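Below is one structure, written out as structure tokens; the observations come after it.
The values are calculated or read from the model by the stated rules, or taken from the named source; none is laboratory data. Remember, predicted model here, so these are calculated numbers, not experimental data. With ideal geometry, Cβ positions are generated from the backbone for all residues, glycine too; neighbour counts draw on all protein chains shown. Protein only, heavy atoms only, side chains kept; ligands, DNA and RNA dropped before computing areas. Shrake-Rupley method; radii C 1.70, N 1.55, O 1.52, S 1.80 Å.
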Amino acid sequence: MDLVAKDTAAARGANERLTRRRFVVNAGAGALLGATGTLAGGCGRTTSTLPVRQVQTLPPPRSPASGSLQAALTNRRSHRQFTRQPLTESEISGLLWAAQGVTAAWGGRTAPSAGALYPLELYLLTPTAYRHYRPDGHRTELLAPTDVRAEAAAAALHQPAVATAALVIVITAVYARTVKKYGARGRRYVQLEAGHAAQNILLQAVATGLSAVPIGAFDDRRLAQSLRLPGDHAPLYIVAVGYPRIAATGAP
């Protein structure tokens, strides 16, 4: 076995072991928190303070309206005004799959990841629920059956797009998963990976007749607190998605 093959095999093995450990830890935390129902702030904690209320398998992703990647790239624009029309579960499924969907039996995903360590975690906010995406099994965990977009918007400098979009995806990172292998350089790899995932969301949105805007202006600590994120989940990016209310303005 050559050095590249050895490194790839080692990365896959490490990722599988990490996934198993995370499943055990998350399952235990969910059971304990479900009993307490605590909703304390998440900063500085290693486990979420929100109980997992329900696990839901997502439907197959919606097929793109136009199959041309070139068309999606050409038509992609940042859009900040949306209608009140909710997204279907199939549309949500497609957006989450585009960001972090599993595409290989060994766990490979739609977005590249240094060392196949996959440090990103996705949280989704809709008018009716706050959920966490689980790529394994393509499913979501219900964290709260409430609308928390206003709290997220307040942390994002009161940007209306975050408060009104039918779907808000918050991309967070567990830096330790990558830093443990690559050291300080790993933080850069994680941030690059967040960009890969965000671009996939944007292109999937355009391809399925939706509009989206990526947002990086927010108070990290306040956003983490408002969403009760685990202490090791650092918010990196927000992507607001919905049906456009007016024609795109040509924003970058």
Residue satisfying condition, being modelled with pLDDT of 95 or more, of a type in the set (S, T, Y) and closer than 25 Å to P244 by Cβ, within set Y182, Y133, Y189: Y133
Subset of segment 201-222 [open to solvent by 30 Å² or more (accessible area, probe 1.4 Å) and modelled with pLDDT of 95 or more]: P214, G216, A217, D219, D220, R221, R222
Filter pass, L96 being part of a loop (DSSP other than H, G, I, E, B), open to solvent by less than 40 Å² (accessible area, probe 1.4 Å), under 18 Å from S211 (Cβ atoms) and touching a strand residue (DSSP E or B) at 6+ places or on another chain (Cβ under 6 Å): no
Which listed residue, of T140, T126, T146, T172, is at pLDDT 95 or above and farther than 20 Å from A205 by Cα: T146
Residue that is modelled with the highest pLDDT, among those in segment 237-252 that are crowded, with 23+ Cβ neighbours inside 10 Å and not β-branched (V, I, T): A240
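Each row is one residue, and each column tells you yes or no for (1) at pLDDT 85 or above; (2) among the aliphatic types (A, V, I, L, M).
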residue: L3; (1), (2): no, yes
residue: R17; (1), (2): no, no
residue: R20; (1), (2): no, no
residue: G28; (1), (2): no, no
residue: R53; (1), (2): no, no
residue: G67; (1), (2): no, no
residue: G94; (1), (2): yes, no
